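Working notes, structure below.
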Amino acid sequence: MIFADTIANYWPQWLSWDAATLVFIFIIIVATIFFARLADRLLQGYFKKASLKLRVDPTGYRLLRHLIVAAIYIVGLIVVISSVPQLRTLSVALFAGAGFAGIIIGFAAQSTLANIMSGISLAVFHPFRVGDIVTIHNEYGTISDLTLRHTVVVTWDNRRLIIPNSIISDEAIINWSIEDPTVIWPVNIGISYDSNIDLARSIMEDEARDHPNVMDHYEVSRIHPEVAQGSEIKVLLTELGDFAVNLRLMIWVRDRSLAYFTGCELMESIKKRFDVEGIEIPYPYRTILYKKDMHPNAVPKQEAEGPGTGAVRGTGVGKGVGAGAGRDAGKGAGGLHFQETSEQSGDSGDPDE
């Protein structure tokens, strides 16, 4: 290298050339890092202004910026390798055996190369853009950055979800922002079987129309002209459940970021109106029967009405219980015989007697 030879001419003779090489390598490393960061800042500012001025998608710009920065680091690495004779010889040997080295490097960097290729694919085909609202990996958030290796998603609770690009390429993504940001959002409420369905439907529709985030027919028809007048807000009976009649309110919202909070606010306002109008939201009714509350030696009715001796001997009840059962059964035919057998079975069943 010319620059390295120039340093060698002015280098003190008492120092070896190895020290000059180390200094040169250090200068190249520092210069590479400096120019890479400088280029990153300059490109970031330039692409941000260009995106605002030209109103274009910044996703491709971000990936191009990362590619340029990576190229600067690669050039610096090549210069360092070329300045060291031992590394230069090694690099020539590697290029000579490029086929075998390529296989080894391919296996070693399989994941990294897959992420890089997936990142380029995401930037070219645009399944999402920086700033889009998506649901991925069952996480709802906003795309904040796309790099060569990973994609950064800022979740709804302000967490940074970093996902490798290769995983995103194989994942089903819900993009709430692409083409049409409007959303049909459901609000599910159950009422009792005794409540008036028509009155409940009317209350739910009124509360939806009064909410500022719910789109009216004029707003919806500008984007979806096929939506008929009055059908922008619907209340459907979805299920006759075990203890409730389930109704579903369907509303149009401007974008996904407003949908969840709008649904929560509507649920609260509808509940308050239901309380005023006498519409019941029922609790599930369940009958719980504990085993300890059941009579462990109860005699089935058909057995009590049968022959006394066989019925009572099968139960194995004690003396007091058997006598009581015999007196109750004595009202029918064979009652006296039943009482006698129950006492006998009680005597045989109680070892203390």
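What follows draws every value from the coordinates through simple rules; no lab data is involved. If you're wondering where the values come from, they're calculated on a predicted model, not measured in any experiment. Reconstructed Cβ throughout: ideal geometry from the backbone, glycine too, with neighbour counts over all protein chains shown.
Odds and ends about this structure:
- Global geometry of the range 171-216, whether rounded, prolate or oblate, following the gyration tensor of its Cα atoms and the 1.5 cut on a/c: oblate
- Difference of contour (0.36 nm per residue) and Cα-Cα distance, residue 254 to residue 64: 65.2 nm
- Subtracting the Cα-Cα distance of residue 198 and residue 219 from 0.36 nm times their residue separation leaves 4.9 nm of extension gain.
- Relative to the Cα centre, the charge distribution of the range 181-280, modelled as +1 at Lys and Arg Cβ and -1 at Asp and Glu Cβ, gives a dipole magnitude of about 320 debye.
- The gain in end-to-end length when the residue 74 to residue 135 segment is fully stretched comes to 18.4 nm, 0.36 nm per residue minus the alpha carbon separation.
- Computed FRET value (nearest 0.05) for residue 238 with residue 124, which takes r as the C-beta separation and R₀ as 45 Å: 0.60
- Percent RCO, i.e. relative contact order, over the range 134-237, from Cα pairs under 8 Å lying at least 6 residues apart: 16 percent
- Low-density loop positions, chymotrypsin sites (Phe, Trp or Tyr not before Pro), the range 224-279 - DSSP coil, at most 12 other Cβ in 10 Å: 243
- For the range 130-207, a simple Cβ point-charge model (Lys and Arg +1, Asp and Glu -1, everything else neutral) yields a dipole of about 480 debye relative to the Cα centre.
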